[in-house]
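Have a look at the structure below, then the notes.
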Amino acid sequence: MNAPEVRLEDLPLREDLRGRSPYGAPQLDVPVRLNTNENPYPPPRALVEDVTAAVREVAARLHRYPDRDAVGLRRDLARYLTATTGVPLSERNLWAANGSNEILQQVLQAFGGPGRTALGFEPSYSMHPIISAGTRTEWAPTPRRADFSLDTVRAAEIVAQRRPDVVFITSPNNPTGGSIPLSEVELILRQAPGIVVVDEAYAEFSSQRSAVELLAAHPAKLIVSRTMSKAFAFAGGRLGYLAAAPAVVDALQLVRLPYHLSLLTQAAASAALRHADATLASVAKLAAERDRVAEALLGLGFTPVPSDANFILFGAFTDVKASWQSYLDNGVLIRDVGIAGHLRVTIGTPEENDVFLTASKEVPR
Ligand SMILES: Cc1ncc(COP(=O)(O)O)c(C=O)c1O
């Protein structure tokens, strides 16, 4: 195109979006990629074959729209959650979308929006404020303790005072790694006047029980958000989901786009779910590696933050950007999450973790 380049500043963009930064974890082609908390193990061969067969089968029907309500997939997700949490759930309790980011966006479209507020305990997942901005929901950041743990008694008091329409509790928390017990989730739930989203993207790695267990007691408030992007080794498939009361699922129908989940996505995700046991066999290995890496970092004089997930936030660095670059120069991509003095590393295969630990020996601090 020969037309002169138009700059972002020249566009009639919404005023409240001017000057904001998009989500932007670097996607670089380096040997060891430990920056976006995926499962480092590729899907088992039987899963790949089953997904391929499922996609081949539905390909003959691509001229038609998919099931708008994704009932079959939601039934499969309900079965998985019931099996892993012991809480009886049906497809009426489940909703699915293209990654849990889309789930969170639909939740804020329905329960946030102009004149409404969402509150989160920072540092936490960077997309919570970004999706709030996109849906014109006012963001109310509330600090964690200096050691990144959550003072839930204080948090419940703040929620009672500020009365946000939506509260985000991320457990295990990204990027700090800690999780909180259900009794503490409930302290906040009791004080919240509106919706409480427990973002459990890393639940499969956690030693805590799922907030799904609290749904029966708090049906009008609680949404538990999950993803197949992490433990489930399905980040490329883009499938997130939530568990909630059927009325919450009904509310989301008001904002979701028709046919948002493609025929291919629904078929592939259902096929992947049939192999849950094989995929999740890597979780114990990754948790053991996490503990090994944390121990090794301690031994090297770093300060890893205790993690219940598949990543570790660690310090202390004087020049975070220079240290991040030093890792990259050694072929290891980790994450600068914007926390002073700290970097975050995703747990990889033992070989990848060894490359990371070797690079850690010479990184400037
Ligand atoms: C806490 C948390 N929630 C949600 C997500 C979104 O994941 P996805 O959209 O791939 O399901 C992530 C991804 O990093 C995350 O860390």
If every Lys and Arg gets +1 and every Asp and Glu gets -1 at its Cβ, then about the Cα centre the stretch 68-193 yields a dipole, in debye to the nearest 20, of 240 debye
Treating the beta-carbon of each Lys and Arg as +1 and of each Asp and Glu as -1, no other charges, what is the dipole magnitude of the stretch 145-226 about its Cα centre, to the nearest 20 debye?
-> 220 debye
Where a label projected 7 Å from the Cα of HIS63 along Cα→Cβ would reach, residues of the stretch 253-288 with amide N under 18 Å | 263-264
Could you tell me which GluC sites (Glu not before Pro) in the stretch 1-33 are loop residues by DSSP with no more than 14 other beta carbons within 10 angstrom of their beta carbon?
-> GLU5
Specify which residue in the list PRO306, LEU189, ALA251 is farthest towards the positive end of the charge dipole of the chain, using unit charges on the beta carbon of Lys, Arg (+1) and Asp, Glu (-1), about the Cα centre.
-> ALA251
Neighbour net charge for ALA287 - beta-carbon separation under 15 angstrom, K R +1, D E -1 | -1
Give the cross-link partners of LYS361 among the aspartates and glutamates, using a straight C-alpha distance below 19 Å as the criterion and excluding same-chain residues fewer than 8 apart.
-> GLU289, ASP291, GLU295, ASP319, ASP329, ASP336, GLU351, GLU352
Packing rank of 196-203, 300-307, 57-64, where each peptide gets the mean count of other beta carbons within 10 Å, highest leading = 196-203, 300-307, 57-64
Contour excess over end-to-end distance, with Cα ends at ASN2 and ALA235 and 0.36 nm allotted per residue = 80.1 nm
Correct semi-axes for the stretch 219-283, from √(5λ) of the alpha-carbon gyration tensor and rounded to whole Å with the largest first, are 24, 16, 9
Part-to-part distance (alpha-carbon centres) for the stretch 65-89 and the stretch 283-308, which is given in Å = 34 Å
Show me 328-334, 275-281 ranked by packing, highest mean number of other Cβ atoms within 10 Å first.
-> 328-334, 275-281
Using a Förster distance of 35 angstrom, determine the FRET efficiency expected from the C-beta separation of ALA316 and ARG209, and round it to 0.05.
-> 0.60
ASP147/THR349 FRET efficiency (R0 25 Å; Cβ-Cβ; nearest 0.05) | 0.25
A student asked for the Cα radius of gyration and Dmax of the chain in angstrom ought to give 20.8, 61
What is the calculated FRET efficiency for ALA288 to ALA83, with r their C-beta to C-beta distance and R₀ = 25 Å, to the nearest 0.05?
-> 0.60
One quarter of the C-alpha convex hull surface, i.e. the mean projected area of the stretch 30-112 in nm², amounts to 8.9 nm²
Kindly give the semi-axes, whole Å and largest first, of the ellipsoid equivalent to the stretch 69-180, taking each as the square root of 5 times a Cα gyration tensor eigenvalue.
-> 27, 19, 13
When a/c is below 1.5 the answer is rounded, else prolate if a/b is larger than b/c, else oblate, so apply that to the stretch 272-324 with a ≥ b ≥ c taken from the square roots of the Cα gyration tensor eigenvalues.
-> prolate
Burial ranking of peptide ranges 29-39, 82-92 (average Cβ count within 10 Å, highest at the top) = 29-39, 82-92
Solvent-accessible surface ranking, highest first, for TYR80, TYR23 at 1.4 angstrom = TYR23, TYR80
Once the other residues with Cβ under 13 Å from the Cβ of THR85 are scored (Lys, Arg +1; Asp, Glu -1), what is the net sum?
-> 0
If every Lys and Arg gets +1 and every Asp and Glu gets -1 at its Cβ, then about the Cα centre the chain yields a dipole, in debye to the nearest 20, of 720 debye
Accessible surface of LYS230 in the full protein assembly, 1.4 angstrom probe, to the nearest 10 Å²?
-> 30 Å²
Rounded to a whole number of µm²/s, how large is the Stokes-Einstein D of the stretch 135-212 at 4 °C and 1.567 mPa s, given Rh as the Kirkwood radius over C-alpha pairs?
-> 100 µm²/s
Relative contact order as a percentage, the chain, C-alpha pairs under 8 Å and 6+ apart, gives 22 percent
Tell me which lysines have Cα within less than 19 Å of LYS285's Cα, excluding those fewer than 8 residues away on the same chain?
-> LYS230
Over what distance in Å are the Cα centres of the stretch 216-237 and the stretch 255-269 separated?
-> 16 Å
Say the dipole of the chain comes from +1 at the beta carbon of Lys and Arg and -1 at that of Asp and Glu; which of PHE234, SER262, LEU357 then lies farthest toward its positive end?
-> SER262
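The values are calculated or read from the model by the stated rules, or taken from the named source; none is laboratory data. Predicted, not measured: the structure shown is a model, and the values here were computed from it. Neighbour counts are summed over all protein chains in view; Cβ atoms, including those assigned to glycine, are modelled from backbone coordinates with ideal geometry. The protein model used for the area step is the full one, side chains on, heavy atoms only, and it has no ligands, DNA or RNA in it. Shrake-Rupley method; radii C 1.70, N 1.55, O 1.52, S 1.80 Å.
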